[in-house]
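Quick notes on the structure that follows.
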Amino acid sequence: MKIVILEPLAVSKDEILKAAEPILALGHEIIIAEEKLETVEEQIAFAKDADILLIANSPLQPELVEALDQLKLISVAFTGIDHLPLELCKERKITVCNAQGYATDATAELTLALILAALRSLEAYAEAAKAGAARPNLKANTLRGKTVGIVGTGAIGLRLAELVKAFDCKLIAYSRSEKEEAKALGIKYLPLEELLKEADIVSLHLPLTEASEGLISEAELDLMKESAILVNCARGALVDNAALARALNAGKIAAAAVDVLESEPPFPKDHPLLKAEHLTITPHVAFLTEESMLDRVQIVMKNIEAWLAGEPINVKL
């Protein structure tokens, strides 16, 4: 079978081929794009006759899927799959697998870093130091003893809970289903409205679905404490970011720290959140560490091996 890696995977070609050794040993062909293909026409030409497509987090255009008549499997080197034309994949009976768990530690750790950065006004302090200014009189708080509200208790949400537990934080959560492992960590489940009222820090860890899109909007922000911090390392569209910008500028909440907006970086320069007060932002890098990139290559190749053996794993569609 012809396996096409449609975009760079942030590791060397040698590392990719090393992970693919069991597949290559079976006689399958692997074609690797070492540079990003900018147009769908380039992608179609490159992926011609592909049986298996391996992608990361760049949007997969319906035109490409329609053009690949032999496509049977898409192995996604990412956790979310909302950047794929899922209805079309379903119609074509194309199996979709993801890299479940590859960035659990990386994302939870960056979430913790953003929480600490927001609490301690690190970005503003750094700017003052670089400018040679006197120590500014900025608000700074410790994490210890704060109430952390985790919205979504999947693997990343639970890993964050483990990390902040070391700071003697009170743990509360909102999720569609309650997990015993969460309760074992001391997490108390609450309705979303109650969580927003009670939490000092609200951290989002949900996939983007029709139900979760715009989950945090003006009404929800109004429920939060003026001293609260909102953190989003999940999906940008979980939040009405224009409403968040207004809330920050009006002092309705103390700060926000985000790794994601509605689109991938480079973020639009006129995005209202980029001009907001008390915002710490990173360009969608929560998943991006050397270790997580190596892990995801291993996972997506295992996905392909398992599918070829007739025992698919990490199946999302």
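The values are calculated or read from the model by the stated rules, or taken from the named source; none is laboratory data. For clarity, every value in this text was computed on a predicted model and none was experimentally measured. Cβ placement follows ideal geometry from the backbone for every residue including glycine, while neighbour counts extend to all protein chains displayed. Heavy atoms of the whole protein, side chains included, go into the accessibility calculation; ligands, DNA and RNA do not. Shrake-Rupley method; radii C 1.70, N 1.55, O 1.52, S 1.80 Å.
For residue 257, which sequence-distant residues (separation of 5 or more, or a different chain) have an amide H within less than 5 Å of its own amide H, given hydrogens modelled in the peptide plane?
Placed amide hydrogens put 230, 231, 232, 280 under 5 Å from residue 257.
For the stretch 1-145, what does the convex hull of the Cα positions come to per residue, in cubic angstrom?
Values: hull volume 25.4 nm³, N = 145.
Value for the stretch 1-145: 175 Å³ per residue.
Assuming a viscosity of 1.002 mPa s and a temperature of 20 °C, what translational diffusion coefficient in µm² per second does Stokes-Einstein assign to the chain, Rh being the Kirkwood radius over Cα pairs?
102 µm²/s
Roughly speaking, to the nearest percent, how much of the stretch 11-102's 1.4 Å accessible area is carbon and sulfur? Please list the in-between numbers first.
Details: 2210 of 4570 Å².
Its accessible area is 48 percent carbon and sulfur atoms.
Accessible area of the stretch 182-235 with a 1.4 Å probe: how many percent of it is carbon plus sulfur?
49 percent
Quick one: in the stretch 157-211, what % of C-alpha pairs are over 13 Å apart? Display every interim value, and only then the final one.
Values: 899 of 1485 pairs.
So the portion of pairs separated by more than 13 Å is 61 percent.
Which whole-number percent of Cα pairs in the stretch 34-102 have a distance greater than 19 Å?
So the portion of pairs separated by more than 19 Å is 26 percent.
Answer rounded, prolate or oblate for the stretch 249-291, using the Cα gyration tensor with square roots of eigenvalues a ≥ b ≥ c: rounded when a/c is under 1.5, else prolate when a/b is larger than b/c, else oblate.
On the way: a/c = 3.43, a/b = 1.61, b/c = 2.14.
In terms of gyration-tensor shape, oblate.
Connecting C-alpha atoms closer than 10 Å in a GNM of the chain, tell me which of 256, 56, 20 has the biggest fluctuation.
20
What pairs in 179/225; 2/90; 146/316; 170/275; 165/225; 90/269 have C-alpha atoms more than 25 Å from each other?
Details: 179/225 27 Å; 2/90 21 Å; 146/316 36 Å; 170/275 32 Å; 165/225 21 Å; 90/269 36 Å.
Listed pairs above 25 Å: 179/225; 146/316; 170/275; 90/269.
Pick from 126, 140, 242: which residue has the top mean-square fluctuation in a GNM of the chain where Cα pairs under 10 Å get a spring?
Top of the fluctuation ranking is 126.
Relative to the present Cα-Cα distance, how much length would full extension add between residue 128 and residue 178 at 0.36 nm per residue of separation? Working shown, then result.
Values: separation 50, 0.36 × 50 = 18.00 nm, distance 4.42 nm.
Answer, rounded to one decimal: 13.6 nm.
Counting heavy atoms of the protein chains only and a 1.4 Å probe, report the per residue accessible area for the chain as a whole number of Å².
Ligands and nucleic acids excluded, the figure is 49 Å² per residue.
Heads up, I need the accessible area for residue 32: 1.4 angstrom probe, whole protein in place, Å², nearest 10.
30 Å²
How would the stretch 1-58 be classified by its alpha-carbon gyration tensor: rounded, prolate or oblate, with rounded meaning a/c under 1.5 and the a/b versus b/c comparison settling the rest?
oblate
Under the rule a/c < 1.5 gives rounded, and otherwise a/b versus b/c splits prolate from oblate, where does the stretch 135-265 land using the Cα gyration tensor?
On the way: a/c = 1.62, a/b = 1.12, b/c = 1.44.
Here the stretch 135-265 falls in the oblate category.
What are the residues whose amide H is under 5 Å from the amide H of residue 173, where those residues sit 5 or more places off or on another chain and H is modelled from the backbone?
Under 5 Å from the amide H of residue 173 lie the amide H atoms of 150, 188, 189, 190, each far enough along the sequence or on another chain.
With all protein chains present, how much of the accessible area of the stretch 249-315 (probe radius 1.4 Å) comes from carbon and sulfur, to the nearest whole percent? Provide the component values of the computation, followed by the final result.
Working: 1900 of 3480 Å².
Carbon and sulfur: 55 percent of the exposed surface of the stretch 249-315.
Give the ranking of 296, 235, 135 by solvent-accessible surface, highest area first, calculated with a 1.4 Å probe.
Putting 296, 235, 135 in descending order of accessible area: 135, 235, 296.
At R0 = 30 Å, how high is the FRET efficiency between residue 193 and residue 250 if r is their beta carbon distance? Nearest 0.05 is fine. Let's see the in-between values first.
Values: r = 21 Å, r/R0 = 0.68.
FRET efficiency, residue 193 to residue 250: 0.90.
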